Amino acid sequence: MTRFLFIFWTVLFGLFAVEMLKPVQELLIQPFTGFLATISKGIILPFDDSVISQGRVLRDTGSGFAVSIEAGCNGIEAAIVLIAGVTAFPASWNQKLLAILAGFLFIQILNIVRIISLFYLGQWNYVVFEWFHLYLWPVFIMLDVLVAFAIYLQWLRRHHSDVESAPC
């Protein structure tokens, strides 16, 4: 357990420190965040042609309401927590890489649902938007991380028992 905690906290703080670096923000984080806005627009557009995206902003041209996807809202921090947990848990690097990629995708799918829901909640009722944005969705995103990690642990357990029971 001590080894797990040491690796978890080291990776967690290390990745958060790297994420905060200006070149990382400019070359990776901000373009990725803009990509989330573009994907969200692409999902919405067949149903609502009044949506546009500009950088990391998703805007309704009719109402003028916009959401800006900022740090903490792009799922990167949640993914870092998952990466730290997966890295700290004993498994092969192939298993860890697969879990990180699948978990990142899992987190981002829910995050896109979050962005789109907030985009429409804000146009409907700003008080409800704020409650969902500040309280409900952060809990769901971190719960998503825990679920992804739990699925990974179950997958490892099944994979390990399959290897042990395989004939020679």
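The values are calculated or read from the model by the stated rules, or taken from the named source; none is laboratory data. Fair warning: this is a prediction, and the values are worked out from it, not measured in the lab. Heads up, the Cβs are rebuilt from the backbone with ideal geometry, glycines too, and the neighbour counts pull from every protein chain shown. What goes into the accessible areas is simple: the full protein's heavy atoms, side chains included, and nothing from ligands, DNA or RNA. Shrake-Rupley method; radii C 1.70, N 1.55, O 1.52, S 1.80 Å.
Observations on the structure shown:
Residue-by-condition table, conditions (1) assigned to a loop (DSSP other than H, G, I, E, B); (2) closer than 30 Å to HIS159 by Cα:
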residue: VAL24; (1), (2): no, no
residue: LEU27; (1), (2): no, no
residue: GLY34; (1), (2): no, no
residue: PHE47; (1), (2): yes, no
residue: SER63; (1), (2): yes, no
residue: VAL67; (1), (2): no, no
residue: LEU97; (1), (2): no, yes
residue: ILE109; (1), (2): no, yes
residue: PHE119; (1), (2): no, no
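- Considering the range 120-139, and only residues there that are in contact with a helix residue (DSSP H, G or I) (Cβ under 7 Å, 6 or more places away or on another chain) and hydrophobic (A, V, I, L, M, F, W, C), the residue that is farthest from GLY62 (Cα to Cα) turns out to be TRP137.
- The range 30-47, residues that are open to solvent by 30 Å² or more (accessible area, probe 1.4 Å) and either among the hydroxyl-bearing types (Ser, Thr, Tyr) or over 22 Å from GLU77 (Cα atoms) (or both): THR38, LYS41, GLY42, ILE43, LEU45, PRO46, PHE47
- Residues that are under 17 Å from VAL11 (Cα atoms) and either touching a residue at least 12 places away in the same chain (Cβ under 8 Å) or open to solvent by 40 Å² or more (accessible area, probe 1.4 Å) (or both) within the range 96-134 comprise LEU97, ALA99, ILE100, LEU101, GLY103, PHE104, listed in sequence order.
- Screening VAL86 on (1) within 15 Å of the chain's Cα centre (by Cα); (2) open to solvent by 90 Å² or more (accessible area, probe 1.4 Å); (3) of a type in the set (A, V, I, L, M) shows it passes everything except condition (2).
- If you go through the range 67-83 and keep only what is farther than 16 Å from VAL113 by Cβ and either crowded, with 16+ Cβ neighbours inside 10 Å or of a type in the set (D, E, K, R) (or both), you end up with GLU70, ILE76, GLU77, ILE80, VAL81, LEU82, ILE83.
- ALA17, sole failed condition from (1) small (Gly, Ala, Ser); (2) in a helix (DSSP H, G or I); (3) crowded, with 17+ Cβ neighbours inside 10 Å: (3)
- Qualifying residue in the range 146-160 (condition: open to solvent by less than 60 Å² (accessible area, probe 1.4 Å), basic (Lys, Arg), farther than 19 Å from LEU12 by Cα and out of contact with any Pro (no Cβ under 7 Å at 6 or more places or on another chain)): no
- Taking residues in the range 136-156 that are farther than 11 Å from PHE106 by Cα, and partners anywhere that are of a type in the set (Gly, Ala, Ser) and open to solvent by less than 60 Å² (accessible area, probe 1.4 Å), the pairs with Cβ atoms closer than 6 Å and at least 6 places apart or on different chains are TYR152/ALA99; LEU156/ALA91.
- The C-beta contact set for the range 56-71 (first residue touching a residue at least 24 places away in the same chain (Cβ under 8 Å), second residue in a loop (DSSP other than H, G, I, E, B) and surrounded by fewer than 17 Cβ atoms within 10 Å (Cβ to Cβ), distance under 7 angstrom, 6+ apart or interchain) comprises ASP60/SER50.
- Of the listed requirements (1) assigned to a helix (DSSP H, G or I); (2) within 22 Å of ALA71 (Cα to Cα); (3) not basic (Lys, Arg), PHE6 misses just one: (2).
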